[in-house]
1. Do you know which of the residues in region 320-345 that are under 27 Å from the mean Cα position of the chain (by Cα) and among the β-branched types (Val, Ile, Thr) is nearest to residue 221 (Cα to Cα)?
2. Is one or more of the residues making up region 138-161 surrounded by fewer than 17 Cβ atoms within 10 Å (Cβ to Cβ), out of contact with any Pro (no Cβ under 6 Å at 6 or more places or on another chain), hydrophobic (A, V, I, L, M, F, W, C) and assigned to a loop (DSSP other than H, G, I, E, B)?
3. Among the helices (runs of 4 or more DSSP H) confined wholly to region 275-362, which include 2 or more residues that are surrounded by fewer than 15 Cβ atoms within 10 Å (Cβ to Cβ)?
4. Of the residues 108, 147, which is closer than 22 Å to residue 39 by Cα and either of a type in the set (Gly, Ala, Ser) or free of Cβ contacts under 8 Å to residues at least 24 places away in the same chain (or both)?
5. Filtering region 265-274 down to residues that are under 13 Å from the mean Cα position of the chain (by Cα) and either within 15 Å of residue 476 (Cα to Cα) or at pLDDT below 90 (or both), which residue is surrounded by the fewest Cβ atoms within 10 Å (Cβ to Cβ)?
6. Out of the residues in region 167-194 meeting the condition of being free of Cβ contacts under 8 Å to residues at least 60 places away in the same chain and not charged (D, E, K, R), tell me which one is farthest from residue 257 (Cα to Cα).
7. Say we look at region 250-264 and pick out the residues that are within 8 Å of the chain's Cα centre (by Cα) and not hydroxyl-bearing (Ser, Thr, Tyr); which of these is farthest from residue 188 (Cα to Cα)?
8. Can you tell me which residues in region 261-279 are out of contact with any strand residue (DSSP E or B) (no Cβ under 6 Å at 6 or more places or on another chain) and within 20 Å of residue 179 (Cβ to Cβ)?
Amino acid sequence: MTKLVKNLPNAGKLIHSLRNVGYDNAAAIADIIDNSFDAGAKNVDISLLTKDQKVHTIVITDDGSGMDNDTLDEALKLGSETERDETDLGKYGMGLCTASLALGRRVEVLTLADGGPCLISWQDVDLIEEENDFVKHLGVADTAHAESIKDHGTIVTITKLDKLTNANSPTMKGRLRRELGRMFRYFLISGRSITVNGEKIEIEDPLWLNNAQTHVYSDETYDVLGDKVRVRIALLPPMSIEAMEENHLNVRTQGFSILRNQREIASGQTFDMWRRHGELNRMRGEIFFPASMDELMGVNFAKQGVNLSQAMFDALQKIIAPQVESIRKLTRKMLSTDPADRVKHEDAQKIISSKAKLLITPPVAKERRASPTNPDGSKRQQPTDPKRTRKPGSNHQPARALNCEFEEAHYGTSGPIFEPDQRGKTTVVTYNVDHPFYERFIREYRDEKHVLTGVDFLIYALATAELNVTRDSNQELVTNMKSIMSANLRTLLT
């Protein structure tokens, strides 16, 4: 006969695992700032203490309501029971503990609530491993510590920093300013303040909404699975290729920012609903959702990224995918060249289409459609149109669609040589007419079909390879390789 017994984790091993839950440095600090704003803080300061330009201590100070003894006792506990509601940024009772562990081995929390004593608590990984138990220090702060807080608020100090991606002070400071300015942009707009070493963080808006030339394509709130989701899509102002590169507006940064309770937890998301393409470099979007939808959105306690449930994916796809396709068509018209000046690629298109069955082509996404049904649930028979019914003996065959098409567009001299796309079963290769490769090998040989066809074959092969291997996980690698190839050829050909 069995009995119920405690099944406590091995603290020394578990604490090591918790230090590798996937936080990046900016996301870990953002999780701590979440607690500050939940406590009503108006101002948060991040101090990066350095030696020889290497960060050795991170101090996060806020002017929030502070904590009493019971709340502080919960603060450094995994799965704390601090009272939360769905409007809070925090929710899972893991943030302060796991976020600090993702930066360094020791965290100290000093706090003062109105009408209470100054309290202190600290936790050290070395001590936990030594005791093989989840232990911490908790009590009233001494005078020296108490003088650090004037009225009320909390100071979080993280030391023994062994998880910094780059401990160089200017590099880390610059990254925090950019990342936190984007993550907390709506809090900064509402009057909250975040500083790094005393310098105020500016708002980083990926949609450029304050720019008069930004066009808000749509901004609607939808009923989605019993809750409200807001989706905003914007087209950034027209700009040169050089300006787009300077502002990091490229295929790697395309997509949607995901905001949970107004705080960004992910950016550049496509959810694999469409393939990243140069035609969408000016499109940026935002999806706002409440914390009550965390499970549907696939949010974990780190609040870093999303993993949509199938139901949420299906609902968002119906909202987003048609708009993205409409924007692509609009952009394609703007980028396309004068039809009278286009080079004809019929020979390559016909040969490629004739050999399609022998080629390794990109997969075709198939749309599932439900069979029409009668009210009783039986399958409905499709009506027969006698005018469209093939008569016996008729040898009429539909025209064979091309499996490949070549198009032309203006992507700028600094743009790629070509952009690939898959439209149904057709692979579309769009040449960049501004790149010197186009002038040297396409326009110059437009009347020498054997040369032009050979170049088309080469670019088609590269395009299908890119379409076959590119996924969100390796998009940056493929884009970088293609960018280097385009840049080197541009230099060699000019």
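1. 320
2. Within region 138-161, not a single residue is surrounded by fewer than 17 Cβ atoms within 10 Å (Cβ to Cβ), out of contact with any Pro (no Cβ under 6 Å at 6 or more places or on another chain), hydrophobic (A, V, I, L, M, F, W, C) and assigned to a loop (DSSP other than H, G, I, E, B).
3. 310-335, 346-354
4. On inspection, the qualifying residue turns out to be 147.
5. Among residues in region 265-274 that are under 13 Å from the mean Cα position of the chain (by Cα) and either within 15 Å of residue 476 (Cα to Cα) or at pLDDT below 90 (or both), the one surrounded by the fewest Cβ atoms within 10 Å (Cβ to Cβ) is 272.
6. So, considering only residues that are free of Cβ contacts under 8 Å to residues at least 60 places away in the same chain and not charged (D, E, K, R), the one farthest from residue 257 (Cα to Cα) is 171.
7. Per the criteria, the residue is 255.
8. Within region 261-279, 261, 262, 263 qualify.
The values are calculated or read from the model by the stated rules, or taken from the named source; none is laboratory data. Small disclaimer: the values here were computed from a predicted structure and weren't measured. All Cβ positions, even for glycine, are placed from backbone atoms using ideal geometry, and neighbour counts span all protein chains on display.
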